[in-house]
1. Looking at the structure I just gave you, is Ala289 modelled with pLDDT of 95 or more and in the same structural domain as Arg56 (by TED's automatic domain parsing)?
2. Would you point out the residue of the stretch 4-15, among those that are without any contact (Cβ under 8 Å) to a residue 40 or more places away in the chain and surrounded by 14 or more Cβ atoms within 10 Å (Cβ to Cβ), that is farthest from the ligand (Cβ to nearest atom)?
3. Quick check: anything in the stretch 81-99 buried (at least 19 other Cβ atoms within 10 Å of the Cβ), hydroxyl-bearing (Ser, Thr, Tyr) and not assigned by TED's automatic domain parsing to the domain that holds Gln221?
4. Give me the residue from the stretch 190-211 that is of a type in the set (Lys, Arg) and at pLDDT 95 or above and, out of that set, farthest from the chain's Cα centre (by Cα).
5. Go through (1) buried (at least 19 other Cβ atoms within 10 Å of the Cβ); (2) in contact with a Phe, Trp or Tyr (Cβ under 6 Å, 6 or more places away or on another chain) for Gln135 and report which single condition fails.
6. So, of the residues in the stretch 41-75 that are farther than 26 Å from Arg31 by Cβ and of a type in the set (A, V, I, L, M), which turns out to be modelled with the lowest pLDDT?
7. Take Lys64 and decide whether it is part of a loop (DSSP other than H, G, I, E, B), of a type in the set (Lys, Arg) and in contact (Cβ under 8 Å) with a residue 12 or more places away in the chain.
8. Which residue is surrounded by the most Cβ atoms within 10 Å (Cβ to Cβ), if the candidates are limited to the stretch 260-284 and must be of a type in the set (D, E, K, R) and touching a residue at least 40 places away in the same chain (Cβ under 8 Å)?
Amino acid sequence: TKHLLGIKDLSTNDIQLILETAKEFKEVINRPIKKVPSLRDVTIANVFFENSTRTRLSFELAEKRLSADVVNFSASGSSVKKGETLLDTVNNILAMKVDMIVMRHASPGAPHYLSKKIKANIVNAGDGTHEHPTQALLDSFSMQEKLGDLAGKKIAIIGDILHSRVALSNIFCLQKLGAEITICGPNTLLPKYISEIGVKISHSVKDTLQWCDVANVLRIQLERQQIKYFPSLREYSLYFGINKQMLDELDKEIVLMHPGPINRGVELSSDAADSHHSIILDQVENGVAVRMAVLYLLSQQI
Ligand code: CP
């Protein structure tokens, strides 16, 4: 395949190939010389219409460690502010002999639309509330590092599922790898389709933590909420927030994950986020190797 638009389009073999390739790249970037020449003469534009810290820097580092030429575009400060369309913007970037586009956009389906209009490879770095495929891949990679094969493993996704692209991509990825999934959150923050896609649903964080091997905790996405949702942040943290004591009191060890950015004191207390249960910064570290694997494999299709 020429693009990475979503996990939904990938086979289990595709996912396993990406994760195996990422393992090799992780070894490479832990050597004193982190750089390989694989993408020499390939030019990549990181085109971000929405804010990002981890994804954007991680793609840029992955590209540089593969020896690609890199340009970065942010909608803020660009001619998008003068009314230039998405397609015109991207076509102008491509006119400068760019081979691949990594794009984040607030509209679900924006990279899918572009893939029908342009020749360059596209990697979806998050499209609205739809998918964030490289996040799901780095999450599965990080879980595999801790737990081995994910078949039969119990993975909980806890938080604001309604507004989360990370949740949907994780569900597709984990299902293809054979894991069991429980979605946990208040009813008002679960999408309508959730009962139709083969996941368990819980409204009890305590029961969910007791059940799972991994708790992947998501933030409340205030920026996507059109109206004031119930629960409020205070209510959310009271009924769904996770602290270190809750993790310490379980009769087993579980792995705590979060894609970032964390709303400290809302979905996670600081003592939980910074505890030995957490692999949050391992996720960020693994993001570079996983994105190197994605870019390397797609570059074979240029
Ligand atoms: N996890 C994630 O997508 O973080 P950023 O929004 O900072 O890229």
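The values are calculated or read from the model by the stated rules, or taken from the named source; none is laboratory data. What you are looking at is a predicted structure, and each value in this text was computed from that prediction instead of being measured. Heads up, the Cβs are rebuilt from the backbone with ideal geometry, glycines too, and the neighbour counts pull from every protein chain shown.
1. yes
2. Only one residue fits best here, namely Asp14.
3. Looking for residues that are buried (at least 19 other Cβ atoms within 10 Å of the Cβ), hydroxyl-bearing (Ser, Thr, Tyr) and not assigned by TED's automatic domain parsing to the domain that holds Gln221, one finds none in the stretch 81-99, hence no.
4. The selected residue is Lys206.
5. (2)
6. The qualifying residue modelled with the lowest pLDDT is Ala75.
7. It is false that Lys64 is part of a loop (DSSP other than H, G, I, E, B), of a type in the set (Lys, Arg) and in contact (Cβ under 8 Å) with a residue 12 or more places away in the chain.
8. Taking the candidates together, the pick is Glu267.
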